[in-house]
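Chemist: Before I ask anything, let me first share the structure, which is written out below as structure tokens.
The values are calculated or read from the model by the stated rules, or taken from the named source; none is laboratory data. Keep in mind that what you see is a predicted model, and the values were worked out from it rather than measured. When the accessible area is computed, the model is the full protein with side chains, heavy atoms only, and any ligands, DNA or RNA have been set aside. Shrake-Rupley method; radii C 1.70, N 1.55, O 1.52, S 1.80 Å.
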Amino acid sequence: SLAKDRNGIPVVIELNVSKGHKTGIGPAFSSQECIKDKLGVPRVRTIIVARKISHELRVALRAVTDVELFEYRLSMTLTKI
């Protein structure tokens with residue numbers, strides 16, 4: 001998905017239902033560079049959202065700027081009717 005942050009900077013949002021390792025980083029960076037090129041902007045942020053962010057991905061992204069990692073949790077409440 002593509003959005004803009006409050007400062008007008010484009011943001012690529014990559015949602016992964018698995019661990020967010022190799023499957024998420026390639027498409028996210030590819031999208032990031034394509035958007036820079038198409039929009040003619042110098043900066044595009046990337047947000048990767050996954051059920052669990054792997055240790056390998058955390059380590060791989062230590063020196064990378066403009067990338068944020070988020071983990072999600074799902075919960076459900078049942079109400080008897």
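Chemist: Please note which strands (runs of 3 or more DSSP E) are completely contained in the stretch 1-54 and include at least 2 residues that are at pLDDT 80 or above and polar (S, T, N, Q).
Modeler: On the way: elements: 2-4, 10-16, 45-50.
Passing ranges: none, list empty.
Chemist: So which residues in the stretch 28-81 are open to solvent by less than 60 Å² (accessible area, probe 1.4 Å) and on the phi > 0 side of the Ramachandran plot, if there are any at all?
Modeler: ASP66
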